[in-house]
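Engineer: Okay, here's the structure, questions in a sec.
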């Protein structure tokens, strides 16, 4: 099993690096909170991490728009919720959480990353295996706007 | 009636190390007790509740951490606004 690569957030342009979460995190008809909590607790056997699945440019040396990320990583979701690294980290930090981003590419998802949280008060930065409600709230607030997916994956 | 199983389509891909084509990792039984109700190759509806769903089946792999389940998409992907008003709700 490969060692998961955690990004050094200090090396990112936190106001420019786009993070995408497939789906509309503000859709009142979808059970968004449960979807996020359920996804977070899915362990990755390939990388050995827990966390929320997101898309982020795997090569920060070559900036990518959300349009380009959507085209490279086709998913079924009709909507995409957008944010930038700095907004997500800020929203989590205000509620006492730190954030780790792991590079976790998959065959069809070259820009797949896993967003994991820990308590800022924990010097060991122990990654949570479940997403707590305040962290869910922070993430939902951070991911805005929502846009139509310009390249939804063709349905079989 | 087929079981409804939570599946996050943000993870839909091939997972060649597990022999999975167009699948979604569902997780470890040890973490997600609902997965213990599944049977190998059981036909299910994979869904992100309120957003989209797909027909599929589930399959288990033994990994060092325990019993690990995948959902494999076989077709019939529907968005929530395409579903009849009386469609079932997920059990998991």
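Engineer: Go through the range A:23-35 and give me each residue that's at the interface with chain B (Cβ under 9 Å from one of its Cβ atoms) and either part of a helix (DSSP H, G or I) or crowded, with 21+ Cβ neighbours inside 10 Å (or both).
Structural biologist: Of everything in the range A:23-35, those that are at the interface with chain B (Cβ under 9 Å from one of its Cβ atoms) and either part of a helix (DSSP H, G or I) or crowded, with 21+ Cβ neighbours inside 10 Å (or both) turn out to be A:23, A:24, A:32, A:34, A:35.
Engineer: Follow-up. Has the range A:119-138 got any residue that is away from chain B (no Cβ under 14 Å), out of contact with any helix residue (DSSP H, G or I) (no Cβ under 7 Å at 6 or more places or on another chain), outside any strand (DSSP E or B) and touching a residue at least 60 places away in the same chain (Cβ under 8 Å)?
Structural biologist: Checked against the condition, which is being away from chain B (no Cβ under 14 Å), out of contact with any helix residue (DSSP H, G or I) (no Cβ under 7 Å at 6 or more places or on another chain), outside any strand (DSSP E or B) and touching a residue at least 60 places away in the same chain (Cβ under 8 Å), the range A:119-138 yields at least one hit.
Engineer: So, residue B:56, is that one at pLDDT 95 or above, in contact with a strand residue (DSSP E or B) (Cβ under 9 Å, 6 or more places away or on another chain) and more than 28 Å from residue A:128 (Cβ to Cβ) or not?
Structural biologist: Taking the combined requirement at face value, the residue satisfies it.
Engineer: Next question, about the same structure. Out of (1) more than 21 Å from residue A:105 (Cα to Cα); (2) surrounded by fewer than 22 Cβ atoms within 10 Å (Cβ to Cβ); (3) touching a residue at least 40 places away in the same chain (Cβ under 8 Å), what's the single condition that is false for residue B:77?
Structural biologist: (3)
Engineer: Yes or no: residue A:148 over 16 Å from residue A:4 (Cα atoms), within 14 Å of another protein chain (Cβ to nearest Cβ), surrounded by fewer than 18 Cβ atoms within 10 Å (Cβ to Cβ) and in contact (Cβ under 8 Å) with a residue 60 or more places away in the chain?
Structural biologist: yes
Engineer: Consider residue B:11 against the criteria (1) within 10 Å of chain A (Cβ to nearest Cβ); (2) in contact (Cβ under 8 Å) with a residue 24 or more places away in the chain; (3) within 12 Å of the chain's Cα centre (by Cα): it satisfies all of them except one. Which criterion is unmet?
Structural biologist: Every listed condition holds for residue B:11 apart from (2).
Engineer: In this structure, does residue B:50 turn out to be under 21 Å from residue A:32 (Cβ atoms), surrounded by 17 or more Cβ atoms within 10 Å (Cβ to Cβ) and out of contact with any strand residue (DSSP E or B) (no Cβ under 9 Å at 6 or more places or on another chain)?
Structural biologist: So residue B:50 fits the description; yes.
Engineer: How many residues are more than 21 Å from residue A:129 (Cβ to Cβ) and part of a strand (DSSP E or B) when one looks only at the range A:105-118?
Structural biologist: Matching residues across the range A:105-118 total 1.
Engineer: Within the range B:37-48, which residues are over 16 Å from residue B:1 (Cβ atoms) and facing another protein chain (nearest Cβ under 10 Å)?
Structural biologist: The one that is over 16 Å from residue B:1 (Cβ atoms) and facing another protein chain (nearest Cβ under 10 Å): B:48.
Engineer: Please pick out the residue among A:55, A:139 that is closer than 22 Å to residue B:71 by Cα and under 14 Å from the mean Cα position of the chain (by Cα).
Structural biologist: Only one candidate qualifies: A:55.
The values are calculated or read from the model by the stated rules, or taken from the named source; none is laboratory data. Computed from a predicted structure; not experimentally measured. Glycine also receives a Cβ, built like all others from the backbone with ideal geometry; neighbour counts cover every protein chain displayed.
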